[in-house]
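Asker: Structure provided below as structure tokens; questions to follow.
The values are calculated or read from the model by the stated rules, or taken from the named source; none is laboratory data. Quick caveat: nothing in here was measured; it's all calculated off a predicted structure. Here Cβ is always computed from backbone atoms with ideal geometry, including for glycine, and neighbour counts include all displayed protein chains.
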């Protein structure tokens with residue numbers, strides 16, 4: 001199903017009316033080629049063109065369509081009419097002249113193995129003439145006059161050829177494209193392709209998937225049989241899961257396109273890469289990156305606009321681009337040694353997916369400060385749970401599990417609850433992202449529970465009966481009393497007592513209530529009476545025989561954090577009343 005969906009996406013992109021948006025044809029791939037060797041028809045080197053341009057802090061080379069790269073491991077294997085400087089020119093950049101000689105010979109042999117009709121093409125003939133007069137022992141003497149030569153020797157970049165005066169590379173000429181689908185495999189086995197269901201030459205090795213973070217830089221595979229234990233019935237490698245060469249090329253090209261750095265259909269969450277696509281052009285294909293990707297500094301309103309578009313589409317029952325019943329696919333990938341692990345694969349209609357996305361943003365909606373963003377990205381939610389707020393400290397599988405829960409409409413992972421509660425206790429701070437996650441987690445658990453419990457509202461709920469929630473509110477009130485009684489304090493009861501108050505309230509709340517009596521004596525009579533009334537309203541919700549509880553379970557510790565957070569937000573919400581005339585409306589915001 002996954003490979004078929006990717007194959008269909010490749011075919012869809014190939015039929016795009018805009019040539020710039022089409023994926024490479026069979027046998028080709030896009031590659032950044034920093035330097036082009038401009039040669040005359042007789043093989044004379046005219047110049048070396050630098051295709052790079054400044055892009056931020058580094059130079060970015062132009063991308064060209066070139067014959068698909070051969071699969072390289074530790075052996076020597078040359079690409080057709082393009083490769084590194086070691087292969088193309090035989091220049092030793094690593095102090096291993098014997099291996100470089102083998103690489104250069106393999107590059108020449110690959111060209112000489114072309115059919116005679118291709119070798120007579122003017123472009124290919126010029127390359128053969130260039131290589132015939134090339135002496136690897138006298139490279140410095142021949143190329144020293146070119147300004148980029150020293151850099152080429154230092155970085156070993158990709159090189160290719162172009163006839164001087166032409167626009168296309170030699171490897172893009174019609175004669176070469178006709179044989180580009182031959183990736184140089186020695187054996188070809190025919191069979192029925194499992195992806196397309198038609199006879200085809202089977203791929204023994206599938207092209208590598210690149211662009212997956214934390215995977216091998218040379219690429220990894222979804223389909224791979226590299227040990228005898230994985231084989232069956234005497235079949236070897238790709239014959240165990242027969243996929244035709246065209247289909248293997250199609251699904252890997254599509255996936256590499258989706259995983260590309262500049263792709264707008266790719267989100268990285270922890271170690272999990274999420275790619276998404278539709279059967280036909282659809283608004284959601286680019287909206288999802290804005291919804292779940294890392295915030296864009298130069299366009300902070302992009303996520304808000306994307307969420308608004310989702311809500312409007314659901315209200316209208318129609319998307320701006322694409323139909324509501326268009327099939328949509330979401331694929332989660334993670335590195336796993338030499339292979340790629342499939343974390344999840346979800347398919348459904350675009351409208352169903354939009355409804356689940358809206359539910360997620362409604363679940364994490366909670367009262368917050370005026371300078372905080374209305375919608376929180378996945379990155380900000382997860383980094384709020386990481387030690388020192390570093391993305392590298394996010395547990396590896398947690399991000400993938402979270403986004404899977406969003407797309408499949410499942411309860412959020414329990415590990416999120418544990419992490420959020422522990423970070424609140426460790427740092428003694430309930431931040432906006434943590435409170436949003438805690439509310440979402442608890443409410444989804446409540447909906448799926450066989451014994452329903454009252455959900456947490458986005459704003460303060462004075463009538464919520466949960467003891468943990470009420471204790472959190474009470475702790476916030478006691479802290480506020482202390483702040484008003486001693487405005488110059490550097491630390492409040494939160495720094496000293498939050499962890500114990502949220503887990504073992506019986507151990508600290510009697511002490512905190514006694515301290516509050518002394519703090520109230522320092523306030524004006526009006527303020528003192530108002531705070532006493534608020535405390536009384538909160539205490540009315542407890543069973544006198546069970547107050548304070550000896551211990552709070554994890555879920556109630558989360559409700560403690562939410563009660564504390566929402567009560568604090570209510571205190572700082574502006575009202576029409578002056579601070580000297582507090583009313584219960586402050587506690588009910």
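Asker: Please count how many residues of region 37-64 are under 22 Å from residue 260 (Cβ atoms) and in a strand (DSSP E or B).
Answerer: Our first condition is that a residue be under 22 Å from residue 260 (Cβ atoms); within region 37-64, this holds for 51-64.
Filter once more, so that each one left must be in a strand (DSSP E or B): 53-55, 58-60, 63-64.
Counting residues in region 37-64 that are under 22 Å from residue 260 (Cβ atoms) and in a strand (DSSP E or B) gives 8.
Asker: Could you look through region 207-239, keep only residues that are assigned to a strand (DSSP E or B) and in contact with a helix residue (DSSP H, G or I) (Cβ under 9 Å, 6 or more places away or on another chain), and pick out the one that is nearest to residue 255 (Cα to Cα)?
Answerer: For region 207-239, the residue satisfying everything is 209.
Asker: Restricting to region 401-421, count the residues that are crowded, with 20+ Cβ neighbours inside 10 Å and out of contact with any helix residue (DSSP H, G or I) (no Cβ under 7 Å at 6 or more places or on another chain).
Answerer: 4
Asker: Hey, another quick one. With (1) free of Cβ contacts under 8 Å to residues at least 40 places away in the same chain; (2) within 30 Å of residue 347 (Cβ to Cβ) as the list, and residue 423 as the residue in question, which single condition is left unmet?
Answerer: The single condition residue 423 does not satisfy is (2).
Results for (1) outside the structural domain of residue 376 (by TED's automatic domain parsing); (2) over 23 Å from the mean Cα position of the chain (by Cα); (3) farther than 22 Å from residue 1 by Cα, shown as yes or no for each residue.
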site: 204; (1), (2), (3): yes, yes, no
site: 220; (1), (2), (3): yes, no, no
site: 227; (1), (2), (3): yes, yes, yes
site: 235; (1), (2), (3): yes, yes, yes
site: 290; (1), (2), (3): no, no, yes
site: 306; (1), (2), (3): no, no, yes
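Asker: With respect to residue 365, determine if the residue is surrounded by 15 or more Cβ atoms within 10 Å (Cβ to Cβ) and within 20 Å of residue 301 (Cα to Cα).
Answerer: Yes, satisfied.
Asker: Could you please give the count of residues in region 139-167 that are part of a loop (DSSP other than H, G, I, E, B), touching a residue at least 12 places away in the same chain (Cβ under 8 Å) and within 23 Å of residue 123 (Cα to Cα)?
Answerer: 4
Asker: Given the structure, is residue 483 within 30 Å of residue 362 (Cα to Cα) and modelled with pLDDT under 95?
Answerer: So residue 483 fails the test.
Asker: Checking the conditions here, which among 70, 88, 76 is modelled with pLDDT of 90 or more and either surrounded by 18 or more Cβ atoms within 10 Å (Cβ to Cβ) or not in a helix (DSSP H, G or I) (or both)?
Answerer: Exactly one residue qualifies, and that residue is 88.
Conditions (1) surrounded by fewer than 18 Cβ atoms within 10 Å (Cβ to Cβ); (2) without any contact (Cβ under 8 Å) to a residue 12 or more places away in the chain; (3) in contact with a helix residue (DSSP H, G or I) (Cβ under 7 Å, 6 or more places away or on another chain), marked per residue:
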position: 100; (1), (2), (3): no, no, yes
position: 108; (1), (2), (3): no, no, yes
position: 124; (1), (2), (3): no, no, yes
position: 137; (1), (2), (3): yes, yes, no
position: 169; (1), (2), (3): no, no, no
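Asker: If I ask for residues that are modelled with pLDDT of 85 or more, farther than 17 Å from residue 7 by Cβ and not in a strand (DSSP E or B), which ones from region 262-284 would you list?
Answerer: Correct list: 263, 264, 281, 282, 283, 284.
Asker: The conditions are (1) crowded, with 20+ Cβ neighbours inside 10 Å; (2) touching a strand residue (DSSP E or B) at 6+ places or on another chain (Cβ under 6 Å); (3) assigned to a loop (DSSP other than H, G, I, E, B), and residue 255 fails exactly one of them. Which is it?
Answerer: Residue 255 satisfies every listed condition except (3).
Asker: Could you pull out every one of the helices (runs of 4 or more DSSP H) wholly within region 366-448 that has 1 or more residues that are more than 23 Å from the chain's Cα centre (by Cα)?
Answerer: Ranges flagged: 414-427, 432-448.
Asker: In addition: Taking residue 492 and the conditions (1) touching a residue at least 40 places away in the same chain (Cβ under 8 Å); (2) within 20 Å of residue 423 (Cβ to Cβ); (3) in contact with a helix residue (DSSP H, G or I) (Cβ under 6 Å, 6 or more places away or on another chain), which numbered condition does it fall short on, given that it satisfies the others?
Answerer: Among (1) touching a residue at least 40 places away in the same chain (Cβ under 8 Å); (2) within 20 Å of residue 423 (Cβ to Cβ); (3) in contact with a helix residue (DSSP H, G or I) (Cβ under 6 Å, 6 or more places away or on another chain), the lone unmet condition for residue 492 is (1).
Asker: Please state which of the following conditions residue 214 fails to meet, knowing it meets all the rest: (1) touching a residue at least 24 places away in the same chain (Cβ under 8 Å); (2) in the same structural domain as residue 69 (by TED's automatic domain parsing).
Answerer: (2)
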